[in-house]
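Quick notes on the structure that follows.
The values are calculated or read from the model by the stated rules, or taken from the named source; none is laboratory data. Being a predicted model, the structure only gives us computed values, none of them experimental. Cβ atoms come from the backbone with ideal geometry, glycine included; neighbour counts cover every protein chain shown.
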Amino acid sequence: MLFPSNLKKPMASRDETPAAIEGLQILVCGLAIKPSARPLKLTSTLLVFQFDVQRRADGTIERESSPKEARIRSYSLLDTGDMISGHHLWGFSSSPIKRDNITVGQSGRSHSHPGQNVTCRGTCFLEIIRGWRGNPLPVHPRQELFSQSGS
């Protein structure tokens, strides 16, 4: 056993591609959160609402999926508290994200912009497009995921 039951497992954090998180609830923060107006079919039974997060973006799993398994990307982080961050993140949620749900004014983001945050619920996925280090993803995940589903 790597972590005895009395020791808390350290949270994972990634800031370069490839990296993603999946969960039932994800807190998304950034200086420019842009939800998409129209939903897309990911599978025959799952309709999702996309969003982009740009400029000082991060996402943290607040509630993990059950069963805890990577459904979208094999390299997805899955534990509560796991986090990704970078210049540009992209993701989706099975619950709609409306502009009214985005809170402005999270402390500590920058001097010129207070930042925005939103809590995504349902089937949630968030991936780094361009991280703080390394190369950006060669293909946007939207092209990969939605071309496979036939949407």
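Residues are listed down the side, and each one gets a yes or a no for (1) more than 21 Å from Gly115 (Cα to Cα); (2) in contact with a strand residue (DSSP E or B) (Cβ under 7 Å, 6 or more places away or on another chain):
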site	(1), (2)
Leu24	yes, yes
Arg38	yes, no
Lys41	yes, yes
Phe51	no, yes
Arg63	yes, yes
Ala70	yes, yes
Tyr75	yes, yes
Thr80	yes, yes
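Can you tell me which residues in region 1-43 are of a type in the set (Ser, Thr, Tyr), closer than 22 Å to Glu144 by Cβ and modelled with pLDDT under 90? Lay out the reasoning, then the answer.
Of region 1-43, the ones of a type in the set (Ser, Thr, Tyr) are 5, 13, 17, 36, 43.
Narrowing the set further to residues that are closer than 22 Å to Glu144 by Cβ leaves 17, 36, 43.
Of everything in region 1-43, those that are of a type in the set (Ser, Thr, Tyr), closer than 22 Å to Glu144 by Cβ and modelled with pLDDT under 90 turn out to be Ser36, Thr43.
Could you list, in sequence order, all residues of region 9-61 that are β-branched (Val, Ile, Thr) and in contact (Cβ under 8 Å) with a residue 12 or more places away in the chain?
If we filter region 9-61 for residues that are β-branched (Val, Ile, Thr), which is where we start, we get 17, 21, 26, 28, 33, 43, 45, 48, 53, 60-61.
Correct list: Thr17, Ile21, Ile26, Val28, Ile33, Thr43, Val48, Val53, Thr60, Ile61.
Are any residues in region 44-73 of a type in the set (Ser, Thr, Tyr) and either closer than 18 Å to His140 by Cβ or surrounded by 17 or more Cβ atoms within 10 Å (Cβ to Cβ) (or both), and if so, which ones? Steps first, answer last, please.
To start, the set of residues in region 44-73 that are of a type in the set (Ser, Thr, Tyr) comprises 44-45, 60, 65-66.
Thr60, Ser65 - these are the residues of region 44-73 that are of a type in the set (Ser, Thr, Tyr) and either closer than 18 Å to His140 by Cβ or surrounded by 17 or more Cβ atoms within 10 Å (Cβ to Cβ) (or both).
Hey, can you tell me all the residues within region 55-98 that are farther than 17 Å from Cys120 by Cβ, assigned to a strand (DSSP E or B) and touching a Leu at 6+ places or on another chain (Cβ under 8 Å)?
Arg55, Arg56
Just the residues that are among the charged types (D, E, K, R) and closer than 14 Å to Phe125 by Cβ, please, taken from region 32-54. Before you say what the answer is, go through the steps one by one.
Pass one, region 32-54, residues among the charged types (D, E, K, R): 34, 38, 41, 52.
Hit for region 32-54 is Asp52, nothing else.
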